[in-house]
Amino acid sequence: MAAITAAMVKELREKTGAGMMDCKKALTEKNGNLEEAVSYLREKGLAAAAKKAGRIAAEGLVDSYIHMGGRIGVLVEVNCETDFVAKTEDFQNLVRDIAMHIAAARPEYVGRQEVPADVVNREKEIFRATALNEGKPEHIVDKIIEGRIEKFYKEICLLEQPFVKDPDVTIQELLTAKVAKIGENISVRRFVRFERGEGIEKRQDDFAAEVMAQIKQ
């Protein structure tokens with residue numbers, strides 16, 4: 001069996017954020033193979049993350065992100081279990097990444113449980129009418145609606161959107177990986193996104209008429 005050195009434990013800790021004893025155990029289990037030890041810790045961590053999901057997370061941060069010279073602004077609250085974790089650079093970077101993602105991806109809700117039933121029902125009616133107008137057989141319309149509703153959730157729910165910095169993972173998967181690394185439950189509680197001029201009816205100038213008026217002067 002390979003000798004497990006302090007340097008090996010330190011390197012594994014830096015790669016995974018796991019505790020010293022967990023790193024030493026992982027290296028022992030994997031006979032000093034660093035990459036296998038990383039995988040071992042991640043697998044254990046992801047399983048543990050599922051157990052932490054029900055724990056109360058009332059600490060955390062409210063952070064902001066301003067984009068494009070003040071054109072878009074986001075406020076987001078991300079919670080964790082302890083003030084100690086809330087003050088770590090790792091957690092703060094996570095919150096900033098989520099705020100930036102919200103600015104770019106324009107989610108409307110945190111998760112699908114927040115989407116009002118009337119909104120979902122309205123979309124289903126639209127999808128049904130569209131499918132029938134496309135000539136789809138009645139007996140498969142419900143299946144089509146089900147698939148399109150799933151896509152609808154993925155477009156408007158923050159947790160189901162692909163992360164803008166790494167589209168191979170969703171925001172939920174990003175959080176789960178961070179829970180596994182940090183060892184505390186983490187959740188996005190709420191957010192608000194502002195876009196300058198949103199909802200205001202803007203003046204639409206008739207460019208052709210403006211040019212003609214200048215010619216006649």
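Hey, with R₀ at 30 Å, roughly what FRET efficiency would Ala105 and Ile200 work out to, going by the Cβ-Cβ distance, to 0.05? FRET efficiency, Ala105 to Ile200: 0.85. Based on C-alpha pairs under 8 angstrom that are at least 6 apart in sequence, the range 52-122 has a relative contact order of 29 percent. Which links in Lys25/Lys181; Lys30/Lys181; Lys124/Lys165; Lys15/Lys87; Lys124/Lys154 stretch past 26 Å when you go from one Cα to the other? Violating the 26 Å Cα-Cα cut-off are Lys124/Lys165.
Read-outs throughout are calculated quantities, based only on the coordinates presented, and are distinct from any laboratory measurement. Note that the structure is predicted; figures quoted are calculated from it, not measured. Every residue, glycine as well, gets a Cβ built from its backbone with ideal geometry; the counts of neighbours run over all protein chains shown.
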